[in-house]
Amino acid sequence: MDRRAAPSRSVARDRNPTSGRNEASGRKRITVLAFFCLLLALGTGVHRDYGISWDEPFQREYGHAAYAYITQADESMFEGPNQYYGPAFELALVLSEKALGLDDSRDIYFMRHLMTHILFLVGLVFFYKFCVRIFGDWRAGLLGCILLVISPRIFAHSFYNSKDIPVLALYMIGMFTLLRFLDSMTIGRALAHALVCAILVDIRIEGGMLPALTVGFAVATFISSRPGRKETLLRSGSLAAYLGALVLLVIALWPTLWRDPVHHFIKAFEEMSHYPLNLPVKYTGKFIWPEDLPWHYTSVWILITTPVVHMTCFIAGVTASIGFLFRKYTAFPIRTRDLVLLLIWFFFPLVYLPLSSAVVFDEWRHTFFVYPAFVGIALVGLLTVLRGIRVHLRGAWRTGVSVMLLAAFGAGVANTARIMIATHPYQNVYFNTLTGGIRGADGRFDLDYWGLSYREALEYILRSDRDPSVSLSVYTRPGRSNAAILPATERERLEFVDDPYEATYFATHERWNRLRYRSREEFFAVRVDGVRIMLVLKETTADSLVTILGE
């Protein structure tokens, strides 16, 4: 009986050759789903740990002003420096706030942090699909997502930065819809891509690069494929539908443009390209006004705040890409069109910004949207090296070198993850070993420039001092803003005083060299790897404040 059963199973396998593939596909789906569920659980678990960034209150106010303009014709949104910011995501946050019936500031900011992170994760799903599409391997997609998440600054900003993270997320979504559109120029795909592009532009004006890439690559695809007359008409109609829908949707989703679309769009471009900022930034140990920053400001920030393992793969990717474009390597892991798209996505903004004299500041957050392209190029480097090992080495050498390479890569990623856990929730002050970590960056570059560490300072003061009213003076605005994320009973105990000489406590974050003081006068400090990023003094003397604040 056993002898008859064994051949039967063998024949069954032969008659169903797709069973193995189905099983592998099922395991793949389970692995990918488990990965993203794990990320969602992680984000949900830690989103309450972050403070309020410098710009968050202004972003929320602008969102409410845009909502009031739409619902009540209140024109306050046209006042102040934020009138030309795209309100698309802020409006979504306001609508969520109202739909959930939130009225306590603590709940509102927790909701904002979670929603911002969820949008980041949605973008990450599309980045996974983007990587699978260009590399043809789901494992490359997962690896790309891991590199993006295990990037300390990006991860931290994905909770409290409702300005730059939505742009990053929409670029990841938009690049995937762009590839779908280029592969099959149908009306449906054109309209879907137009919607993503419109939302992106209506968040930040630099989103305009994506429509430009769409037109350029669509025309190039059209020319290179030499379609027949019928196909030409279909593609031309789809591109026209894309452009028409894009214009209409950009105007419809951006209330500022409703009055005079052309005039206000030009003003928005001018405003965002030359945003006035009267605050110096610290760069290479010097305080420099934003309009005077050197051309390499953004590139250097990327270099010193990106994990070394990511940077090593990126350098390999750029080298391999140059070799492929000039020598046409066979066995290259990506098509020429997709490689060119990645290279333009990353390098064009970094070249354009200095040439246009655009004002950038606060590290490289304005160009976070190029980071998925950076990761894509890094994957090109890693996969090219692995393919080269398989082609040029044999037997034990091939296995041994591959294992060592992957082990070194995994160790580098794991070490970065360890640092992220150890410094939580201050991954925003991460510097890589090229800089000597945060210790090497201290005094040379801005650290907690957005003042998120004020939250921990306020919490410590209120735990230590149980008086019904606690007087406090803070050096910058985030000190007051972070009270909004405290429990209502606790924030009501805080009495903010403008004059630091009249307050019981004085708090300041690391910005503009304001942590110069005698250590014996320290009441509390937030430290990351031994470096102070927040200082609290109690019952300070006049001499102490002169030392910190200057004459």
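Readers should treat all values here as calculations from the given coordinates under stated rules, not as data from a laboratory. Bear in mind that the values here come from a model prediction, so they are computed numbers and not experimental data. Note: ideal-geometry Cβ built from the backbone for every residue, glycine included; neighbour counts use all protein chains shown.
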Do the sum for the chain: with -39,500 (n - 2.57) for every DSSP H run of n ≥ 4, divided by all residues, what is the mean residue ellipticity at 222 nm, to the nearest 500 deg cm²/dmol? -20500 deg cm²/dmol
In the range 129-188, if every C-alpha pair distance is counted and binned at 5 Å from zero, what percent goes to each bin? 4, 17, 19, 23, 18, 11, 6, 2
Please report I533, I118 as a ranked list, fewest other C-beta atoms within 10 angstrom at the top and most at the bottom. I118, I533
Arranged from highest to lowest average of other beta-carbon atoms within 10 Å per residue, in what order do the peptides 60-66, 45-51 appear? 60-66, 45-51
Could you check the simple spin-label distance between L406 and R466, using points 7 Å along Cα→Cβ, in nm with one decimal? 5.8 nm
What lysines sit close enough to K163 to cross-link, taking a C-alpha to C-alpha distance under 22 Å and skipping anything fewer than 8 places away on the same chain? K98, K267, K282
So between T336 and K230, what do we pick up on full extension, going 0.36 nm a residue minus the alpha carbon distance? 35.5 nm
Relative contact order (%) - the chain, alpha-carbon pairs under 8 angstrom, separation at least six: 15 percent
The range 206-345, relative contact order in percent, only Cα pairs under 8 angstrom and at least six apart counted: 7 percent
Stretchable slack from E539 to V247, in nm (0.36 nm times residue separation minus alpha-carbon distance): 99.3 nm
Tell me the label-point distance for the pair E79, I146, using the 7 Å Cα-to-Cβ offset, in nm and rounded to one decimal. 5.3 nm
Within straight cross-link reach of K28, meaning Cα distance under 23 Å, which lysines are found once same-chain residues fewer than 8 apart are removed? K129
Given that compact globular proteins tend to follow 2.2 N^0.38 Å, what is the ratio of the alpha-carbon Rg of the range 327-471 to that value? 1.52
To the nearest 0.05, the calculated FRET efficiency linking D183 and Y501 through their beta-carbon distance, R0 being 45 Å, is 0.10
Straight-line reach from K286: which aspartates and glutamates fall under 15 Å, measuring Cα to Cα and dropping same-chain residues less than 8 apart? D362, E363, D442, D446, E510
Protection proxy (average C-beta count within 10 Å per residue), highest first, orders 140-153, 422-435 as 140-153, 422-435
Unit-weight point scatterers at every alpha-carbon of the range 427-505, Debye formula, q = 0.20, 0.27 1/Å: log10 I(q)/I(0) is -0.86, -1.24
